[in-house]
Amino acid sequence: MGHRIHRVCAFEITGQYTLRVRFDDATEQTINFEPMLAGELYGPLRELAVFNGVRIDPEIHTLVWPNGADFDPETLHDWPQHAGAFARRARRWARRAA
């Protein structure tokens, strides 16, 4: 038995570091990415011009940023289940950088 593979179909920037993401199963998630913007890969997204450069990769159907940052579309689809772990990881990255 396999699991469903979700694809990002569209997104809208709804606020600073916040996106409404629509998936191929007609569901949506509104995600505030700010709590996880730390570390080498996600930290540069704190610059709003970089964050707002987000696009949908046409091959892997997920959000990607100009610096190469991305998130697995399954993670985005099920964001409430993953948000806490990402935020905790970002806090650890920020402490290491300080």
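Only the coordinates and a few stated rules stand behind these numbers; no lab work does. What you see is a predicted model; the values in this text were computed from it and never measured.
Some notes on this structure:
- Of LEU41, LEU63, LEU19, the one that fluctuates the most in a GNM where the chain has Cα springs shorter than 10 Å: LEU41
- Cα centroid separation - region 52-98 against region 2-32, whole Å: 12 Å
- Crossing angle, helix 79-97 versus the chain [Cα axis fit, 0-90 degrees, rounded to tens]: 20 degrees
- Cα-Cα separations in the chain greater than 21 Å, expressed as whole percent: 30 percent
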